[in-house]
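Each value in this text was obtained by applying a stated rule to the coordinates, not by laboratory testing. The shown structure was predicted, so the numbers you read here are calculated from the model rather than taken from an experiment. Here the Cβ positions follow ideal geometry from the backbone for every residue, glycine too, while neighbour counts run over all protein chains shown.
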Amino acid sequence: MRILYVTSEAFPLIKTGGLADVSGSLPAALRHLGEDVRILIPGYPQVLANLRDPQPLVELKWLPAVGNVHLIRGEMPDTGVPVIAIDHRELYDRGGNPYSDALGQEWSDNALRFGILSRIAAILSAQASPLVDWIPDIVHFNDWQGGLTAAYMRYSGAPHAKSVLGIHNLAFQGNFPPEWVEKLGLPRQAFAPEGFEFYGHLSFLKAGIYYADAITTVSPTYAREIQTAEYGFGLQGLLAHRARDLHGILNGIDTQEWNPAQDPHLPQNYDRKSLDKKAGVKQLLQQRLTLHENADAPLLGVVSRLTHQKGLDLLLHVAPALLEQGCQLALLGSGDPALEQGFMLLAQQHPQQVSVSVGYNENLSHHIMAGADMFVMPSRFEPCGLNQMYGLRYGTPPIVRRTGGLADSVTDTNEFTLRHKTATGFVFDLATPEDLLATLRRALTSFGDKEQWKTIQLNGMKTDLDWNRSAQAYLEIYRSLV
Ligand code: ADP
């Protein structure tokens, strides 16, 4: 099957979050199953610089608002998956990240930058595609950035591939003022509730939900949650209406990149059989972050965007109580200035117990994942979440809220799950400081029982987190469409 995978980020070319991890792994896993996948991605400078063996592919002429665009063909540097990059300097050759400038301000022409991504995806998915020798059967477009793909396909009137929208986070919808409808060459009459209009705006994500042949999201629980008012961000009605075409498939993880036995980011490697070496990684992490070098102090790890979604305000709230109990905290992340400052203040007050690193740091994220004793993720909502799965794999039991992919990937520790060797972490229900603290205390009690703790660690490390199973599930959906 020919599959065009449309994404605004893909690891290791460029990454701001989980979408990049999925876009790096899923196409590779599908290819491994024998399918013919190509990734379509904007040609940001990092993409053009990291692409293996780039070659000019084709020139698309007279696109509305942007003129001529060159497509470049290359390969993913690690997996060899073919990539089509959109080379348009004015749109994509900028500093900052794919969505915003260095100060965090969103690019004012994002509607155009990602409208063009969608438009080109539609052009390449038509039977009259300029890539005459490669016409896809399926176009799998992701999040709001690819959201207009199926709308462009519908209104082109030409025969085309089947379309699948992948939702990685419903909170980001790509809603823009109505004048963009015309600028992006979309039909005026479709700016309606039965179309891509959403509360007076042009909504890229709603367009995807409305026009795609099928919709996937990244965990079964999240697929159910987004049909409710609590998690649906106003789109719950439409999603419930499309429930028959909506599928939740839990992400896998890149088990090469995230493997404590061979992770080059770690000062020392370990696996299930040499789990005692994890203590050395912890000690070196304490040294690196100038925390008090104490093997017995429970070290809590956090690697996260600092936003309301991630619920880290709850952790900040209960941190003093945890520090009193002798815990340490190693946090890496950036985002909401109030949260950054809150955690930095905590670190200033408790330099031997709390380390806060503001910024993005691949190497440190691996070191924290391996060196921490437990990993905290109190998310208010979490479509899938990857870090809790990295925690499982690294023998760093996750403490998570029962929502989305967290609920689907972590099994709470209790008598029953301990007896059946399924306990892998600690799960709480309410997004309140009290519930988080009570659950952290359960985890600390368990941590004090060395044998029990090791059982939980090993259960997690044995969990099958590979992409293969998820890729099979995606294939089944593709097959049901063509
Ligand atoms: P989201 O996509 O909502 O941010 P996920 O848990 O799905 O959350 O994925 C986040 C990914 O980004 C993980 O691979 C995580 O390790 C990485 N990450 C997040 N913040 C940082 C950071 N400050 N430094 C390094 N990696 C980070």
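Taking the mean number of other Cβ atoms within 10 Å as a proxy for protection, how do you rank 45-53, 222-230 from highest to lowest?
Top to bottom by mean Cβ count within 10 Å: 222-230, 45-53.
Please report the antiparallel percentage of the DSSP beta bridges confined to the chain, to the nearest 5.
Numbers: 20 of 67 bridges.
Within the chain, antiparallel bridges account for around 30 percent of the total.
For region 398-441, take the convex hull of the Cα atoms, compute a quarter of its surface area, and give me that in nm², please.
3.0 nm²
Show me, for region 23-39, the HN-Hα J-couplings you get by feeding each phi into the Karplus relation (A = 6.51, B = -1.76, C = 1.60, θ = phi - 60°), rounded to Hz, glycine and proline as x.
Residue by residue, region 23-39 yields 5, x, 8, 4, x, 5, 5, 5, 5, 4, 7, x, 8, 9, 10, 10, 9 Hz.
How do ASP435, ASP101, ASP276 line up, fewest other C-beta atoms within 10 Å first?
Numbers: ASP435 17, ASP101 13, ASP276 9.
Fewest to most other Cβ atoms nearby, the residues stand as ASP276, ASP101, ASP435.
Compactness ratio of the chain: Cα Rg over 2.2 N^0.38 Å, N = residue count?
Numbers: Rg = 22.8 Å, N = 482, 2.2 N^0.38 = 23.0 Å.
For the chain, the normalised Cα radius of gyration comes out at 0.99.
How far apart, in nm, are two points set 7 Å out from the Cα along the Cα-to-Cβ line at ARG402 and at GLU451?
2.9 nm
Which value in nm describes the separation of the simple spin-label points at ARG244 and GLN341, placed 7 Å from the Cα toward the beta carbon?
Label-label distance for ARG244 and GLN341, simple model: 5.3 nm.
Divide by every residue of the chain the summed helix terms, -39500 (n - 2.57) for each DSSP H run of at least 4, and state the resulting mean residue ellipticity at 222 nm, rounded to the nearest 500 deg cm²/dmol. Kindly include the intermediate steps, with their values, before the conclusion.
On the way: 19 runs with 182 residues, N = 482.
It comes out at -11000 deg cm²/dmol, rounded to the nearest 500.
Among the lysines in the chain, how many pairs, 8 or more places apart or on different chains, have alpha carbons under 15 Å apart?
9
To the nearest 0.05, how large is the calculated FRET efficiency for LYS277 and ARG188 if R₀ is 41 Å and r is the Cβ-Cβ distance? It would help to have the intermediate numbers written out before the result.
Numbers: r = 64 Å, r/R0 = 1.56.
So the FRET efficiency works out to roughly 0.05.
Below 8 Å, C-alpha to C-alpha, sequence gap of six or more: please give me the relative contact order for the chain in percent.
On the way: 982 pairs, mean separation 56.3, N = 482.
After rounding, I find 12 percent.
Sort all Cα-Cα distances of region 272-461 into consecutive 5 angstrom bins from zero, then give the percent of pairs in each bin up to the one containing the longest distance.
With a bin width of 5 Å, the distribution comes to 1, 8, 19, 23, 24, 16, 7, 2, 0.
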